[in-house]
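For reference, the structure discussed in these notes is given below.
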Amino acid sequence: MQTAKQLSVSLVNKPGRLSAMLGALNKEKVSFRALAVMDSGERGTVRFVPDDVQTATRVLENASIRFEPADILLVEVPSQAGAFRKICEKLAAEHLNIDYAYCSFNSGRGSRPGVLAVIKVNDLSKAQRVLRENGAGGAKAPRRPIRRPVHAR
């Protein structure tokens, strides 16, 4: 698990707007760790986690594209049924609100390939602590010794 900077852009929902923005970022060799595009009527929201935040913000500013930065969590989600649900339950148990979440494929740079959840929460540092303590996000929880009954003979 780690924190990262996400950029959110609101684009007019017309052909070519998303392509133009992505083209400008590609021209400067900005890659994405995660990307989500959501429709909301006449505008669309593009949320992405760039590999190079400074270059991405410069490209958007030069193209006069308004953006909103946000600090988010990147959490490795184990490949097992209910894994993302368990992460959500751990956060909810500590009264942490998930503002939104989306998933991406983990590129494997510095970590195992798999699913990477992008999670925007109301308290980033508390969420990190909760997930770290409870073994989410790629870190294993400490194993507790198994108690076996003692049988008298």
Links exceeding 26 Å between C-alpha atoms in this model, out of Lys5/Lys90; Lys27/Lys126; Lys29/Lys90, come to Lys27/Lys126; Lys29/Lys90
Give, in nm to one decimal, the length gained when the segment between Ala93 and Asp52 is fully stretched (0.36 nm per residue of separation minus the Cα-Cα distance).
11.4 nm
Which of the aspartates and glutamates could a cross-linker bridge to Lys14, judged by Cα under 13 Å and excluding same-chain residues fewer than eight apart?
Asp39, Glu42
Quick one: which residues, 5+ away or cross-chain, put their amide H under 5 Å from the amide H of Tyr100? H built at 1.01 Å from N.
Lys120
Could you tally the net charge around Arg17, taking each other residue with its Cβ under 14 Å from the Cβ of Arg17, Lys/Arg +1 and Asp/Glu -1?
+1
Report the label-to-label distance for Ala83 and Lys5 in nanometres (one decimal), using points 7 Å from each Cα along the Cα→Cβ vector.
2.9 nm
Estimated translational D of segment 23-127 in µm²/s (Stokes, Kirkwood radius over Cα pairs; 37 °C; 0.692 mPa s)
214 µm²/s
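The numbers here are math on the coordinates, done by the rules we state, and not lab data. Everything numeric here is computed off the predicted structure, so don't read it as measured data. A quick note on method: Cβ atoms are made from the backbone with ideal geometry, for glycine too, and the neighbour counts reach across all protein chains shown.
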